[in-house]
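Colleague: Below you'll find the structure I mean.
The values are calculated or read from the model by the stated rules, or taken from the named source; none is laboratory data. No experiment lies behind these values; they were computed from the predicted model shown. A quick note on method: Cβ atoms are made from the backbone with ideal geometry, for glycine too, and the neighbour counts reach across all protein chains shown.
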Ligand SMILES: [Fe+2]
């Protein structure tokens with residue numbers, strides 16, 4: 001199963017609150033891997049996925065509000081990525097009740113790829129922009 005993800009400076013997007021939120025998301029992902037390895041109950045998986053959804057929603061709002069405030073040019077890219085992510089996760093949740101572990105292995109693979117790709121990709125793209133606006 002997926003190994004533990006350890007946050008390091010390379011993942012920093014240069015803004016404290018967003019880095020802290022990304023760290024919390026990584027913590028929830030690590031918790032999800034452990035639950036995946038130890039439970040046979042679909043409801044346990046759905047519970048942790050819902051926790052991730054709630055926290056991710058809070059994070060997306062923080063990020064988008066900040067980027068909107070300073071009129072970030074690629075805000076639409078962020079919004080699109082966030083919204084595609086939310087649709088995918090909702091689909092995974094719908095399927096878990098029937099197919100459980102098979103879906104979860106697909107879902108955890110997607111979650112790791114998405115978060116690590118997003119944090120180090122389009123999130124890092126706004127670092128200089130926000131720092132130049134005095135946001136750290
Ligand atoms: Fe983002």
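Colleague: Taking residue 69 as meeting all but one of (1) surrounded by 14 or more Cβ atoms within 10 Å (Cβ to Cβ); (2) modelled with pLDDT of 95 or more, write down the number of the exception.
Modeller: Here residue 69 meets the rest and fails (1).
Colleague: Is it the case that the range 15-30 has a residue that's outside any helix (DSSP H, G or I), within 15 Å of the ligand (Cβ to nearest atom) and within 24 Å of residue 132 (Cα to Cα)?
Modeller: yes
Colleague: Residue 126: surrounded by 17 or more Cβ atoms within 10 Å (Cβ to Cβ), within 12 Å of the ligand (Cβ to nearest atom), more than 13 Å from the chain's Cα centre (by Cα) and not in a helix (DSSP H, G or I), yes or no?
Modeller: In short, no.
Colleague: Let me ask you something else. Quick one: in the range 60-102, which of the residues that are outside any helix (DSSP H, G or I) and within 16 Å of the ligand (Cβ to nearest atom) is nearest to residue 46 (Cα to Cα)?
Modeller: If we take residues in the range 60-102 being outside any helix (DSSP H, G or I) and within 16 Å of the ligand (Cβ to nearest atom), then 74 is nearest to residue 46 (Cα to Cα).
Colleague: Taking the criterion of being in contact (Cβ under 8 Å) with a residue 12 or more places away in the chain and on the phi > 0 side of the Ramachandran plot, would at least one residue in the range 84-103 satisfy it?
Modeller: Scanning the range 84-103, I find at least one residue that is in contact (Cβ under 8 Å) with a residue 12 or more places away in the chain and on the phi > 0 side of the Ramachandran plot, so the answer is yes.
Colleague: For the range 49-66, what are the residues that are surrounded by 12 or more Cβ atoms within 10 Å (Cβ to Cβ) and more than 17 Å from residue 29 (Cβ to Cβ)?
Modeller: 62, 63, 64, 66, listed by residue number.
Colleague: Is it the case, given these coordinates, that residue 75 is under 16 Å from residue 28 (Cα atoms) and touching a helix residue (DSSP H, G or I) at 6+ places or on another chain (Cβ under 7 Å)?
Modeller: Answer is no for this residue.
Colleague: Sticking with this one: Assess whether residue 55 counts as being modelled with pLDDT of 95 or more and within 12 Å of the ligand (Cβ to nearest atom).
Modeller: Criteria not met by residue 55.
Colleague: Which one of 4, 81 is modelled with pLDDT under 95 and within 15 Å of residue 116 (Cα to Cα)?
Modeller: It is 4.
Colleague: Another question, if that's okay. On the basis of being in a helix (DSSP H, G or I), within 11 Å of the chain's Cα centre (by Cα) and in contact (Cβ under 8 Å) with a residue 60 or more places away in the chain, does residue 53 make the cut?
Modeller: So residue 53 does not fit the description; no.
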